[in-house]
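Only one structure is covered here, and it is reproduced in the block below.
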Amino acid sequence: MTTLVIGGDRIDMILRELAEHGLENVEHWGGRKPADARRAIPARVKLVVCLTDQLSHTMLYNATIRATRLGLPIIYSRRSATELRSKLSDRYKLKSVKPVVTPERRIGWLPSLPFLAISY
């Protein structure tokens, strides 16, 4: 499934988040050039991600209209990998981060306490 990412200059962390959710074919449009607002969304695209921090209003409006007409899902996010992770998890119903309590252990003179670990 090809994903279209619109906006942002350096999107290395965004690409990493998309890859963790199985979205490895990514096309990126910077969105700063006026000609970008007139581009047509390719037929192979199945998801549109708009990074609203670095995106012109015209580009955002045109991308939304075109994606809606094609029936494509749109995710609006700031250029933050954490925010994108939560929105992708909501859309694809993936497991979110849950704290897991491990069995109690005794460390030296400290009383036995449960340790908190984060699992994905």
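Just so it is clear, none of the values below were taken in a lab; they were calculated from the coordinates. Bear in mind that the values here come from a model prediction, so they are computed numbers and not experimental data. In this analysis, Cβ positions are derived from the backbone assuming ideal geometry, glycine residues included, and neighbour counts consider all displayed protein chains.
Values as computed for the structure displayed
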| read-out | value |
| --- | --- |
| Taking all pairs of distinct alpha-carbon atoms in the range 2-95, Kirkwood radius in angstrom | 13.2 Å |
| Residues with amide H under 5 Å from that of Arg32, placed H, sequence gap 5 or more | none |
| Ranked His57, His28, criterion: other C-beta atoms within 10 Å, fewest first | His57, His28 |
| Estimated FRET transfer efficiency (Met13, His57; beta-carbon r; R0 22 Å; 0.05) | 0.35 |
| Nonlocal amide H pairs with Val5, under 5 Å, H built at 1.01 Å | Glu27, His28, Trp29, Val49 |
| Three semi-axes of the equivalent ellipsoid, the range 43-89, Cα gyration tensor, whole Å, largest first | 18, 15, 7 |
| Cβ charges +1 (Lys, Arg) and -1 (Asp, Glu), total dipole of the range 2-95, debye | 260 debye |
